[in-house]
Amino acid sequence: MSLLEEGGKAVLLLGNEAVARGALEADISVASAYPGTPSTEIVESLASIANRIGLYVEWSTNEKVALEVAFAASLSGLRALTAMKHVGLNVAADPFFSIGYAGVKAGLVIVSADDPQCHSSQNEQDNRFYGLASGIPVYEPSTPQEMKDMTALLFNVSEKFETATLLRLTTRLCHTRGKVVLGDLRLERRLKGSFNRDPERWVLLPMNARRLKEKLLQKLAELKEFHTKFPFNRVKMDGDEDWGVIASGNAYRYAVEALQNLGIMDRVALLKLASVYPLPSTLLSRFLSSVSKVIVVEEVDPFIELNVKAIAPPDVEILGKDILPRKGELNPDIVSEGIAKIFGIKYRREVLVTIEKGIKEIENSLPKRPPVLCPGCPHRATFYEIKMALGPKTKKTIFCGDIGCYTLGYYPPYQVMDTTICMGASIGLACGLGRFTDDVIIALIGDSTFFHTGIPPLINIVYNNSPVLVIVLDNTVTAMTGHQPHPGTGFTALLQPSPKILIEKVAESLGIEHIDTFDPYRFREAVVRIRKALNYVREKRRPALLVARRDCTLYLLRKMRKQNISHEVFQVDGEKCIRCMLCVEKFACPAISTKDNNIVIDAGLCTGCGVCAQICPVEAIKPMGRGVRLDEAESF
Amino acid sequence: MKPRVFNVVLTGVGGQGIITLGKVLGEAALIEGFDVGVSEIHGMAQRGGSLMVHVRFGETVYSPLIPKFKAHVLLGLEGIEAVRHCGYLMPGGCLILNNYIIYPSTSHLKVDLNDLLDKITSAFKGNIKIYRVNASEIALKLGNVNVANSVMLGSLSALNLLPLKEKSYLKALEKVIPKKFLGVNFEAFKLGKEAVERGYKV
């Protein structure tokens, strides 16, 4: 377990693990988060060692709650970290801004893992602007080593200035492993603090807020000076360079590589910025006064660029997003090409351009591999069943989707996603569409997403009565981010048993009258129950809620492996099969494909869920007798 | 001239153990005292998605991503994905390919691997080395299709393309693979090594 290894050692750590280790070295007592790619492993890795050192870790219902729990720790005098993906900070924005005013007691580090390129997100918002908007200082590390060291240092900064700190990461930093030399670590934690009453500070009544705003502005002025000496900012300058390069985060590493490869490292002054808000004005002024042209290399928006332009002398030319894209993730090629152009250097040799053209052609001839639902995924069965229940009405149904694996229902052949905008929005949008259209409206939301932000809109659906069918795709765990437990799972991040909060009970308490649950692995029964719910909504013009409950297949198989239970595998009886293609084209399980005019099931991929055997009209799909049929078993 | 940084691209389909392979390579480089960067590039899908890992090591690694045409080695655990990412290989670089295709369930397009590799070779004007290993077949014979990654690692080690000793690969395996599966992974590594020594070059 490298997260607890002793100080002095050099180990290979994932960027996210490095942040976790940094927090441990800074003696945190509390870590909280709602899982979200690319931030998940920070708190997940802390959870994995928490019980051994007495650290408190929790998976909170959403990012807002996670931040509030971490803030409460800080108020109690305990150091705390909370980590979220960039869009998570939108959810947590309310307390975030207030914490900007109120400040903190014990060190509080808020990690925002931004996702340039939208690798697994609905946008690529640049959360450095949150710092500017809230008055909370923002920092960008460049390497796994810095991720660890800077995280640890930020707890001191947080306490020194009584402010929360925002550590801005990007996907590439989070998901890059690198060599990290470890610092010292204490193997026990302080779990109880004390809350000292100070209502003038913690009650943000207007009169208190106005006073605190003044204090905040004062803090920012002090931070500006402090950042001039911030140890992770670095200047390389001889004084006779015409050009300067300012870079932050991962983009700094691309910039260095580009300058080296282009052979122009000696010709430029280089400023690596780690404290990006408030910008260290003295340091910047010095830098800007000795060069005449500057290139800013930063990921996503022109955050540093705009702020540098605001203070740069008028005769210094500042380039940034004019030569490097504001859209998507940077990489060494993009940065090299952008810089090469400015310096009139040819980045790619002619011969490589020709090779690239040839390769592009071959690439275009290859079958694409879009993300797919796993073999045995219960969502696939649910989608198929919904379409069967709707029949020809499928075309006149609006599907409001949400954030999770099931967003893949967008792709053919399922195509049961007409909207997906943010967490919890399936029910909110469905509520509105149920009012403003005459179509059949189905909201599709996952279990974890339901607890995250699905409950307030569900209350709205009841309160303002909208005729909507809500189907909760309950796979009993936060699946997409790697199977973290949630309020419906029955245990906590620390593996303590907890009450299973049942979604249908929540719906019942709100007064929804038609509530039903079904097992998506039992095809016929599922179709009947979906039809019944649809009829109820159509006839009564009232909302209904269904829970499609079945463990995420990967989660279930893992549990079975631990108990040495093997699962069934299915095969196609070629004699019986009429090649109707239903299983291949409409059900589309990755384990089923065609080979020389026959339907075959890949024994290595089949998970034995048995749903294809149930939908086959001629019962040509048969078990091989290798183990338990998942559709005939309850959970393990 | 010895390169400052060694670049290896690993590709395949989610579930083939490519992230584990990246970890093992990274640990092996760390054991030899190099600076290391291992970058995982994946989208939403846990299983069945296109996956690429960039491994870089040397005195100092700056960019965690490998620029196009800079990889010394491309280790492909699956045919289609290997071909898709061969634009990372440098002219004169080496493709080590598992003779194994996983068709995406979303497409009925079939491919001919021999034909594709011929096309790649001619795009590179012949300036590329290709080794083919029946890693999945070997793994299956060992009773565990999941160890195809260790077969490929054995082949990589035997080809001596990187400044990493066999001992370091084995030590890295020991560090990353759970004890329960270590034996079969060592066996896979050995068979991967032998496969290359017998000569699978095309």
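Just so you know, all these numbers are worked out from the coordinates, no wet-lab data involved. Predicted model, so just to flag it, every value in this text is computed and none were measured. Here Cβ is always computed from backbone atoms with ideal geometry, including for glycine, and neighbour counts include all displayed protein chains.
In table form, for the structure just shown:
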{"read-out": "For A:H567, residues with placed amide H under 5 Å, excluding near neighbours", "value": "A:V628"}
{"read-out": "³J(HN,Hα) computed for each position of region A:162-167 - Karplus, 6.51 cos²θ - 1.76 cosθ + 1.60, integer Hz, glycine/proline x", "value": "6, 10, 5, 10, 10, 9"}
{"read-out": "Cα-only radius of gyration and Dmax that characterise the protein assembly as shown, units Å", "value": "27.7, 82"}
{"read-out": "Evaluated at q = 0.31 Å⁻¹: base-10 log I(q)/I(0), Debye formula over Cα of region A:347-397", "value": "-1.06"}
{"read-out": "Eligible lysines near A:K64 by straight Cα distance, threshold 20 Å, same-chain separation 8 or greater", "value": "A:K85, A:K105"}
{"read-out": "Sequence of A:M581, A:M84 once ranked by neighbouring C-beta atoms within 10 Å, starting from the fewest", "value": "A:M581, A:M84"}
{"read-out": "Excluding exposed DSSP-loop trypsin sites (Lys or Arg not before Pro) (at most 16 other C-beta within 10 Å), longest clean stretch of chain B", "value": "B:5-109"}
{"read-out": "DSSP beta bridges in the protein assembly as shown [antiparallel fraction, %, rounded to 5]", "value": "35 percent"}
{"read-out": "Amide proton proximity set for A:V111, modelled H, under 5 Å, gap of 5+", "value": "A:T82, A:A83, A:M84, A:L167"}
{"read-out": "Under 18 Å from the Cα of B:K193 - aspartates and glutamates, other chains or at least 8 residues apart", "value": "B:E137, B:E166, B:E174"}
{"read-out": "Fewest-first ranking of A:W243, A:W202, A:W59, using other Cβ atoms within 10 Å as the exposure measure", "value": "A:W202, A:W243, A:W59"}
{"read-out": "Helix-derived mean residue ellipticity, 222 nm - over chain A, DSSP H n ≥ 4, -39500 (n - 2.57), to 500", "value": "-11500 deg cm²/dmol"}
{"read-out": "Low-density loop cleavage sites - chymotrypsin sites (Phe, Trp or Tyr not before Pro) in region A:401-494, where at most 11 other Cβ are within 10 Å (DSSP)", "value": "none"}
{"read-out": "Percentage relative contact order, region A:114-201, counting C-alpha pairs under 8 Å, at least six apart", "value": "29 percent"}
{"read-out": "Pairs of Lys in region A:465-571 closer than 30 Å at Cα, counting only those 8 or more apart or on different chains", "value": "7"}
{"read-out": "Spatially proximal lysines relative to A:K586 (Cα-Cα < 17 Å; intrachain offsets below 8 disregarded)", "value": "A:K387, A:K393, A:K395"}
{"read-out": "Filtered GluC sites (Glu not before Pro), region A:1-98: DSSP coil and at most 11 other beta carbons within 10 Å", "value": "A:E6"}
{"read-out": "Compactness relative to 2.2 N^0.38 Å, alpha carbon Rg of region A:446-552", "value": "1.10"}
{"read-out": "Region A:565-632 - Kirkwood radius from inverse mean 1/r over Cα pairs (Å)", "value": "11.8 Å"}
{"read-out": "Kirkwood-based Rg to Rh ratio, region A:34-167, C-alpha trace", "value": "0.93"}
{"read-out": "Region B:5-198: relative contact order as a whole-number percent, Cα under 8 Å and 6+ apart", "value": "22 percent"}
{"read-out": "Rg and Dmax of region B:76-182, Cα atoms only, in Å", "value": "15.3, 46"}
{"read-out": "Chain B, helix-only ellipticity at 222 nm - DSSP H runs n ≥ 4, -39,500 (n - 2.57), divided by all residues, nearest 500", "value": "-12500 deg cm²/dmol"}
{"read-out": "Kyte-Doolittle mean at least -1.0, axial Cα span of 30 Å or more - DSSP H helices of chain A", "value": "A:206-228"}
{"read-out": "Amide H within-cut-off set for B:V133, under 5 Å, with H built and near neighbours excluded", "value": "B:L97, B:N98, B:N99"}
{"read-out": "Percent RCO, i.e. relative contact order, over chain A, from Cα pairs under 8 Å lying at least 6 residues apart", "value": "11 percent"}
{"read-out": "Dipole of chain A, positive end: most advanced residue of A:A18, A:A92, A:A479 [Cβ charges, Cα centre]", "value": "A:A479"}
{"read-out": "Counted charge near A:V43, where neighbours are those whose Cβ lies closer than 14 Å (Asp, Glu -1; Lys, Arg +1)", "value": "-3"}
